[in-house]
1. In the set Thr9, Thr45, which member is touching a helix residue (DSSP H, G or I) at 6+ places or on another chain (Cβ under 8 Å) and polar (S, T, N, Q)?
2. I need the full set of residues from segment 51-82 which are at pLDDT below 95 and either of a type in the set (S, T, N, Q) or in contact with a Ser or Thr (Cβ under 7 Å, 6 or more places away or on another chain) (or both), in order please.
3. Being touching a residue at least 24 places away in the same chain (Cβ under 8 Å), open to solvent by 70 Å² or more (accessible area, probe 1.4 Å) and under 24 Å from Ile71 (Cβ atoms) narrows it down to one of Val11, Val24, so name that one.
4. I need every pair where a residue in segment 41-68 that is without any contact (Cβ under 8 Å) to a residue 12 or more places away in the chain has its Cβ under 6 Å from the Cβ of a residue that is of a type outside the set (D, E, K, R), sequence separation at least 6 or different chains.
5. Return the total of residues in segment 32-65 being on the phi < 0 side of the Ramachandran plot and either among the polar types (S, T, N, Q) or surrounded by fewer than 13 Cβ atoms within 10 Å (Cβ to Cβ) (or both).
6. Under the condition of being open to solvent by 50 Å² or more (accessible area, probe 1.4 Å) and of a type in the set (A, V, I, L, M), which residue from segment 66-82 is nearest to Leu13 (Cα to Cα)?
Amino acid sequence: MKKNIRKVTAVLLGLLGTILAIYVGGYWLFIRPVRFLYVGFMAGTLTKKSLLICIIKIFLASTAGGGIWCIFDIIAGHFRDE
């Protein structure tokens, strides 16, 4: 019974890490800045500062998402090993 709980915990942590990585890295740091750039460009309100911030967010999106996923995978690995 205890072994099954550890496996379920590992799977849930892995799933949570994947979902959180997609949400933060994919949505907050990639899709939103791209949309902001598009809307700002079309409206003519895009500034150099906002362009630079959005470009940095877009480049760091995969790093942040991968980092979140790795942390949760390491934590889940502690439950998987035994």
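The values are calculated or read from the model by the stated rules, or taken from the named source; none is laboratory data. On a predicted model such as this, the values are computed, not experimentally measured, just so you know. No Cβ is skipped: glycine too gets one built from the backbone with ideal geometry, and neighbour counts run over all protein chains shown. Accessible surface is based on the protein model in full, side chains and every heavy atom, while ligands, DNA and RNA are left aside. Shrake-Rupley method; radii C 1.70, N 1.55, O 1.52, S 1.80 Å.
1. Checking each option against the conditions leaves just Thr9.
2. Selection gives Ser62, Thr63, Phe79.
3. Working: Val24 fails: open to solvent by 70 Å² or more (accessible area, probe 1.4 Å).
Unique residue meeting the criteria: Val11.
4. From residues that are without any contact (Cβ under 8 Å) to a residue 12 or more places away in the chain, the pairs are Leu46/Gly40.
5. First, the residues of segment 32-65 that are on the phi < 0 side of the Ramachandran plot: 32-43, 45-65.
Of the ones still in play, those that are also either among the polar types (S, T, N, Q) or surrounded by fewer than 13 Cβ atoms within 10 Å (Cβ to Cβ) (or both) are 35, 38-39, 41-43, 45, 47-50, 52, 55-56, 59, 62-63.
Looking only at that region, the number is 17.
6. Out of the qualifying residues, it is Ile75.
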